[in-house]
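Notes for the one structure printed next.
Each reported figure results from applying straightforward, stated rules to the coordinates on display, with no laboratory input. Please read these numbers as outputs of a predicted model, since none were measured by experiment. For neighbour counting, all protein chains shown are included, and Cβ atoms are generated from backbone atoms with ideal geometry for every residue, glycine included.
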Amino acid sequence: MRFRWFHLLLVIPFAFPFSAGCSGCNKREANTIVIVSSLPRTGSAKGQTDTMVNGIKMAIDEYDGKIGDFKILFQDKDDAEASSGQWTAAAETANANAAVNDKDVMVYIGPYNSGAAAVSMPILNKAGIAMISPATTATGLTKKNADNKDEPDIYRPSGKLNFTRVVPTDDLQGPIAARFIAEELKKKRVYVLNDNERYGEGIAKEFESGARKLGLTVIGNEKINVAQQEFGALMTKIKNSEGGPPDAIYFGGTTQSKGGQVAKDMIKTIPNCVLVVPDGCYEKAFIDSAGAGLEGKVFVTFGGQDPTRLTGAGKAFVEKYKEKYKTDPEAYAVYGYEAAKVALAAIKKVNKKDRDAIREAILATKNFSDGAIGTWSFDQNGDTTAQIFTISEIKNGNFVPVKELNGLKPSAP
Amino acid sequence: MTPPSRSAIAGGVLFAMLVVLPQLPLAEWGIPANLLTELLILSILALGLNVILGTTGLLHLGIAAFYGIGCCITGILTTSIFPFQTNFLVAMMVSAFGTALVGLILGAPVLRLRGDYLALVTLGFGQIVITVLLEFENITGGKKTLQGLFPPLLPFVSEGTMGRRGDWQTFPHFYYLCLGLLAIVYLGLGNLERSRLGRGLVAVREDELAAGAMGLNPARLKLSALAIGAGVAGLAGSLFAMHNTNTTEPQNSFNFNWSIIILAAIILGGLSSRAGVLWGVVLLMGFDKIASRIIDDSLQAAAADGNTAFRLSNWRLMIFGLVLIGMMRFRPNGLLPERRGTSK
Amino acid sequence: MQPILADGNGGALFWELLVNGLVMGSLFALIALGYSLVYGIIELVNFAHGDLFMLGAAMTYTLTALAVSWFGTVTPGGMSFAIVLGLLLIVPFFCGGANILIDRAVYRPLRRAPRLVPLVSALGVSFVLVNIGQLWIGTSPLSLENKAQLVSDDSLIQMGEVPLKWKDAVVLITVVPVMVGLTWLVKFTRLGKAMRATAQNLVAAQLMGIGVERVIASTFFVGGYLAGLAAVVYTLKIGRIEYQMGFQNGLYAFTAAVVGGIGNIPGAVLGGLLLGFIYSFGGGYSQGNWVDALIFGVLIVLLIFRPTGLLGSRSREKV
C-alpha cells in the first residue's frame, strides 16, 4: 500500500477531540453552575433572540455571575440551522443532548418555538433538567387537551414536571385575538389560516373556537403550504369565498412560516380586510418581510406587556437595557430576563448543585416579584399566572401598542 | 493467505475507533457524545445510498425520502396514539422491509429512464414523499410529528427488566446498538457485493447493454438495488426515530439538501467502497455535526461579548459544495476508491 | 374543493387564476430556457441554474436599495420606471457573466468526463451559490417594497371582473419580446447556427471550424441572461426574496424544461406555461399544499409514457 498525502486526512477526526479538548484546557471549576439557553440565533428570529439573550445576561450580571459559592456560567446555544433559516429538530435535539451530557448544566432556558420544545422536553425530562421557556405558548406542552389525549404526558417520560414558561398559553391568546376582532375592530366575517405547525395550528384552532363563541362567522380554517413562495392564488380564492370576502383574516403561524408574505398578499389582493397574527410574528423581521401599507391593516397579539408600558421594576429594567445596549429592547427581552431571574432565584434558594432540587424549586415559584413584569406564580402545570396581552399595530416600520387586554379565564375543559 | 486489502484495513481501523470512542471522556472535551450516534445512523443511510449509486451506478437524488419513510413507519408502529405499539425490533424490521417495498414499487415504473432523467424523477419523488408525510398528518403526524416514542427494545421482555422506560435509547446503550447494526449492514453488504447479485449490479453499472447481452436482466438488477438501498435507508430512518424519540419534521430533515449531503459524503470517501463511504461520512458529517459546533462554541467563548461575526455553521453548504466540486475535479473516485478494476 | 366556474362569483376566480398561471408560467419558461439551452449543447443538467436566478434576485434587491439610498425616496412614475429599466439592463448581464465564470471554472475542465461527473459538480455549485446568497442577503426573507414601490399594485386594465395588474403586465411585457428575440437569435444569426450545429454534434461542429468553447460560453451567457431577466421581473411581481427561493423555482423550471422536451426551445416555453397553470390552479382550487406533489406527479407520469417530453424528438435520446 503506497502512502498518499490524503491518508493524513484520516487523522483529522482524531485530531478534533484533542484540539477541542485543549480549547477546554481552561477547565471549569467544580463549583460552576451552567445555565444554557437554546434559541434560534440564526435566521429571522435572531432579532428577538438577541434581546432575550441580552436580558438573560443582564439578570446574571445583577448577581455578578455568582450565587453563594457557585459561579454562574451562561452558554448561548443556537437551535437554528443556517440552511433552513429557522429552528430544526436536529439542532434542538443536539442542544438538549449536550446539556444532558454536561454535568454542570442545571437550567435550560428556551426554546423559542413550541415545536422545538416538544422535541427537547422528553430528553431533558429524563435527565431532570429544569426548562424555562421565555416564548413557547402551545397549549399541549403543559395542559391536557382534546387534540392529543397523551399530551402532555408524552413529554414527561420520567413522570415528573420539568417544563415551565413565563408567557401565557395559546388557549388564552387565540380567544384574545377573536375578542379584539369582534369587540374592538367590530368585524363579522373571519377566515382562519394556519401554517400546520404545532404552534400555528394549535393557536388557529383556539382562535376559531373563541371566534365562534363570540358569534363571528368563520368562513374557513385552512393550512397554507409554507414551501410556496407566494399566496396570490390562495388569496384570490379567499376573496371569492361564498358570501363575499372576509373582513378579517387570522393567521396562526410565525414569521418563519411566511407570515410576512401572507400579510403582503392579503393587502395586495383583498381590500378592506385586516390581518391578525399571534406573537410568533411579533418581531421586526415580520415587518421587513411584509412590505409596505401595513398601517391599520395588520395587528399582532402578544402574551405580555410592551416594554414601553412597563412600570416600576420593569421600567427600570428597560432603562438599564437602553443604557447598556444603546437600543430599545424588543418585547421578549423582558421575558428572557424574567426567565433567568426565576432560575437564579431558585439556585439561590437551593444553594446546591443538584438538578432535581433546582427543578423543584423553580416549579414551586410562587408570588415571584423580583423580575420586571410584576407579581406572578407558576401553577401546577408550570404555566405562568400572568395574563396580560398586548395588541399592537404597525406604524412606520415599528410595533405600536394599541390595546391591552386581560386574558379571559380559560373555559373549563 | 492474501494480505488484507486496503479497504479492509481502513474499515477495521474505523470500527476499532468507533468502539473505543464512547469510552473516552468526551464530555470533558466538550463533545456531545449523542451526536456520535447520529454519525452511525447517517453511516447506515450512506451505505444504503451506496448500493444504488456506488455499486449500481444509478444517480439517486431522493435517498432522504426513504430515510423519512423508515422514520415514519417506526413512529406509527411505536407511538402511543395508535393501537400497534410494537417493540423496537418489530418496528425496525417492518420499517426496513416496508421501505424496501416502497422502493420497489416506485422503482418499477422509472426503470427505463437513464442518467439525468432518473435523477430528476428520484428528486421529484423525494418532494412528493415530503408532501405526503406532511399532508397525511392523521397518520404521520405531519409537521407536528409523532412524539414520545419509547417502545420496549425486544418482544417478550417486560418493561423494567431492561432498566427504566426509554433507557436503552440513551447514550451509550443506543450508540452500541447502532454500531452493531452498522457492522451487520457493513458486512452484509460486503457479502452482497461478492455474490452473484452484486457482480450483476456492477456489470449493470459498467455497461448496461453488455450486461443485458450477457444474459443478465438489467431491469431486475436495478430494481433489486433500489429495493435494497431503500431498505437500508429505512433501517437508518427507524434508528433515527428512536434516537430522537420522535419522527422529525419532514421538510427540514428529509429534504433534497440531505440527499445531496449524503451524496457528498459518499463521493468524498469513495464511490462503492464501503470503507470509503464510512470514512466519508465520518469526515464530512463529523466535521459538520461535531467539529463545527465545537469550533463555533470556542469562537463564541473567546469573543468578548459573546457575539462572533464569523461562524463556521454559516458556511456549511459552501463546504459541502466545494467538496463535491473539488472531488469531481481532482479525485472523482474518492479518497478510498474501490479496488475492483474499473476503467473509465 | 370548489367546482371550476361555480365559485359563487361568476367564475372570476377561474379567470384570475388563469392570468396568474400565465404570468407564473412565463416566468418558469424563462428559467426553463436556461436549463434547456445548456442541456441542448453539452447535455448537462445545470442544477445550479435556479440558484443563479436567486442571486439575480439578490442583485435586484441590492441595486434597488442602492438606488434608493442614492436618490433618497423613489417617486412612482418616471424615476421608478428608470430604475426598473436599469435593473433590466444590469442584472441579466450580471447573471450571464456569473454563468460564464462558473462554466469556465467548474464545468469546462470536465468536458470529457463521464456524464455524472459534471452533474454532481453542478449540485456542488448549487450549494455554493446558495451559501453565497445566504451570506449576501441573510437568512430572513426581505421585501423589496420596504425599499421602494417600483411597480404599482393597481390594475392596468379591467377585463370584466378580472383585473390585469401592472405587476403581471410587466412580466408579460418583458417576457414576450425576449422569447421572440431568442427565437430570432437561435434561428437566424451566425451564433445561433453555431449553437445548433454544436448541439447536433459537438465533434463534427469542431471539425467544421466552429469555436465550440466560445459557443458553449455564449450559451451559458444566454441562459444566465434569461435567468437574470426572470429574477428581475419575479422580484418586481412577488416582491419578496429569500436565499432559498432558487431551489423551488429552479426545480419547477427544470421540470418545465423536461416536460416540454429538454433541449427544445418551444418545448421549454410550453412546459413552463403548463406548469404555471398547474401551479396556479393547484394553489387556487386544491389546498396549495399539494402543488408540489401534483407537479412532480405529472412529471413522473409524463416521463414514463413519453420520456422525451411533449415536443422532444427521439433522436436526442442517445444510448
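Before moving on, here are some points about what is shown:
- Helix-only [θ]222 nm of chain C, DSSP H runs n ≥ 4, -39500 (n - 2.57) each, per residue, nearest 500: -23500 deg cm²/dmol
- Prolate/oblate/rounded call for segment A:193-320, Cα gyration tensor, a/c under 1.5 rounded: prolate
- Take the Cα of C:Leu135, step 7 Å toward its Cβ, do the same at A:Thr385, and the gap between the two points is 5.3 nm.
- Taking C:Ser80, C:Ser36, C:Ser140 as the candidate residues, the one with maximal mean-square fluctuation in a Gaussian network model of chain C, Cα springs under 10 Å, is C:Ser140.
- Over chain C: Kirkwood hydrodynamic radius from C-alpha pairwise inverse distances, Å: 20.3 Å
- Pairs from A:Lys66/A:Lys315; A:Lys46/A:Lys187; A:Lys205/A:Lys326; A:Lys348/B:Lys143; A:Lys213/C:Lys237 whose Cα-Cα separation, in the structure shown, is over 30 Å: A:Lys46/A:Lys187; A:Lys205/A:Lys326; A:Lys348/B:Lys143; A:Lys213/C:Lys237
- Dividing the alpha-carbon radius of gyration of segment A:256-338 by the rule-of-thumb value 2.2 N^0.38 Å gives 1.28.
- Ranking A:Val190, A:Leu172, A:Pro111 by Cα position along the charge dipole of segment A:100-190, where only Lys, Arg, Asp and Glu carry charges on their C-beta atoms, puts A:Val190 farthest toward the positive end.
- Taking other Cβ atoms within 10 Å as a rough exposure proxy, A:Trp87, C:Trp290 sort from fewest to most as C:Trp290, A:Trp87.
- Estimated FRET transfer efficiency when R0 is 25 angstrom, pair C:Leu101-C:Met79 (beta carbons, to 0.05): 0.15
- From least to most packed, judged by other beta carbons within 10 angstrom and beginning with the fewest, B:Cys71, C:Cys95 follow the order C:Cys95, B:Cys71.
- Relative counts (whole %) of C-alpha pair distances in the protein assembly as shown, using bins that are 20 Å wide: 13, 43, 36, 8, 0
- Here's the picture: charge each Lys and Arg Cβ at +1 and each Asp and Glu Cβ at -1 in chain B, and of B:Leu134, B:Gly188, B:Gln169 the one pushed furthest to the positive end of that dipole is B:Gly188.
- Share, in percent, of DSSP beta bridges within chain A that are antiparallel, nearest 5: 35 percent
- Across the options B:Val202, B:Gly98, B:Leu77, the greatest Cα extent toward the positive end of the charge dipole of segment B:33-256 (unit charges at beta carbon of Lys, Arg, Asp, Glu) belongs to B:Val202.
- The Cα-based radius of gyration and maximum Cα-Cα distance (Dmax) for segment A:260-413 are 18.4, 60 Å.
- Of the Cα atoms belonging to segment B:33-256, the radius of gyration and Dmax stand at 17.8, 59 Å.
- Taking amide hydrogens as placed 1.01 Å from N in the peptide plane, the amide H of A:Ile132 sits under 5 Å from those of A:Tyr108, A:Ile109, A:Gly110, A:Thr164, each at least 5 positions away in sequence or on another chain.
- Sequence-distant contacts, meaning Cα pairs under 8 Å at least 6 residues apart, place the relative contact order of segment C:12-316 at 38 percent.
- Gyration tensor verdict on segment C:103-246 (Cα atoms; rounded if a/c is under 1.5, prolate if a/b is larger than b/c, oblate otherwise): oblate
- Using a cutoff of 8 angstrom between alpha carbon atoms and counting only pairs six or more residues apart, the relative contact order for chain B works out to 31 percent.
- Alpha-carbon centroids, segment A:274-327 and segment B:96-133: separation in whole Å: 47 Å
- Using the Cβ of A:Leu294 as centre and a radius below 10 Å, the other residues enclosed give a net charge of +1, where K and R count +1 and D and E count -1.
- Residue-averaged [θ]222 nm for chain B, counting only DSSP H segments that reach four residues, each worth -39500 (n - 2.57): -20500 deg cm²/dmol
- Between A:Glu151, A:Glu323, A:Glu360, the GNM of chain A built on Cα springs shorter than 10 angstrom shows A:Glu323 fluctuating the most.
- The phi torsions of segment B:116-132, fed into the Karplus equation with coefficients 6.51, -1.76 and 1.60 and a -60° offset, translate into couplings of 4, 5, 4, 4, 5, 5, 5, 4, x, 4, x, 5, 5, 4, 4, 4, 5 Hz, rounded to whole numbers, with Gly and Pro shown as x.
- Across C:Gly239, C:Gly272, C:Gly25, mean-square fluctuation computed from a Gaussian network of chain C (C-alpha pairs under 10 Å connected) peaks at C:Gly239.
- Coordinate range along principal axes, alpha carbons of segment B:28-69, Å, largest first: 44, 21, 12
- Gyration tensor verdict on segment A:350-404 (Cα atoms; rounded if a/c is under 1.5, prolate if a/b is larger than b/c, oblate otherwise): prolate
- Inter-label distance for B:Ala108 and A:Ala30, nm, one decimal - labels placed 7 Å from Cα along Cα-to-Cβ: 6.8 nm
- Compactness of chain A as Cα Rg over 2.2 N^0.38 Å, two decimals: 1.03
- Residues with amide H under 5 Å from that of A:Leu73, placed H, sequence gap 5 or more: A:Ile33, A:Val34, A:Ile35
- Chain A: relative contact order as a whole-number percent, Cα under 8 Å and 6+ apart: 18 percent
- Alpha-carbon centroids, segment B:252-305 and segment A:57-120: separation in whole Å: 23 Å
- A:Lys144-C:Glu213 pseudo-label distance in nm [points 7 Å out on the Cα-to-Cβ vector]: 7.7 nm
- Alpha-carbon Rg/Rh ratio, for segment A:299-367, with Rh computed the Kirkwood way: 1.08
- For segment B:33-256, the dipole from Cβ point charges (+1 on Lys and Arg, -1 on Asp and Glu) about the Cα centre works out to 340 debye, to the nearest 20.
- Residue exposure sequence - C:Trp166, B:Trp258 - by fewest surrounding Cβ within 10 Å: C:Trp166, B:Trp258
- Under a model in which nothing but the beta-carbon of Lys, Arg (+1) and Asp, Glu (-1) is charged, the protein assembly as shown shows a dipole of about 2780 debye around its Cα centre.
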